[in-house]
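**Q** Could you have a look at this structure, given as structure tokens, before my questions?
We did not get these values from a lab; they are worked out from the coordinates using the rules stated. Bear in mind that the values here come from a model prediction, so they are computed numbers and not experimental data. So basically every Cβ, Gly included, is an ideal-geometry build from the backbone, and we count neighbours across all protein chains shown.
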Amino acid sequence: MKFTNSNVSKRLPRHAAGFTLIEILLVIVVILMLAAAMVVFVLPQQKGAEKNTTKLMLAQVATALDTYRLNIGHYPNEQEGGLEALTKKPTFENERMGEKWQGPYLKPGTTLDDPWGNKLRYELVAAGAGGDGDNKNALPYKLFSVGPDGQPDTDDDIKYGAEAATAENTGR
């Protein structure tokens, strides 16, 4: 019995090299489904992360404001540059006040912008103003971000302090 080379090659199946069009399309569909799932689950997390980042930034600025007050004796006002007084030494009329400035009170490179590119808002509150006379723990300032829409006094504003706690408790 003699085997020839041609008979052996006829019995063994031939394997095609490469992928078929259906296999390639199936892989593309699976990749697109994974990408769609990422968009659905990651984008809402990003929005929550931006709000949390803003809350942390407001807390950091509030700590810097408190340190400024401890050194100077009052919170920065408009004449001193507001929040800018935390990063750059303001010009004081009284030299002794200028010597008390121990800043910068924020880390170098810290921006006073929220994740949406809006400036953080800081306003001093006059004593007895704002209807918080009953609340002795009320801060003497308002510190907030206007939120993603960039408009003040809307539901998406992110506030720091007692004002933020009352807004969360009232469902705002």
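**Q** Spin-label point model (7 Å from Cα, Cβ direction): what's the residue 84 to residue 36 distance in nm?
**A** My value for the distance between the label points is 5.1 nm.
**Q** Evaluate E = 1/(1 + (r/R0)^6) for residue 116 and residue 93, where r is the Cβ-Cβ distance and R0 equals 30 Å; express this FRET efficiency to the nearest 0.05.
**A** In this case the efficiency is close to 0.25.
**Q** With the cut-off at 1.5 for a/c, could you classify the range 41-82 from its C-alpha gyration tensor as rounded, prolate or oblate?
**A** Prolate, since a/c reaches 1.5 and a/b exceeds b/c.
**Q** At what distance in nm do the modelled label points of residue 149 and residue 46 sit from each other, each positioned 7 Å from its Cα along Cα→Cβ?
**A** It is 2.2 nm.
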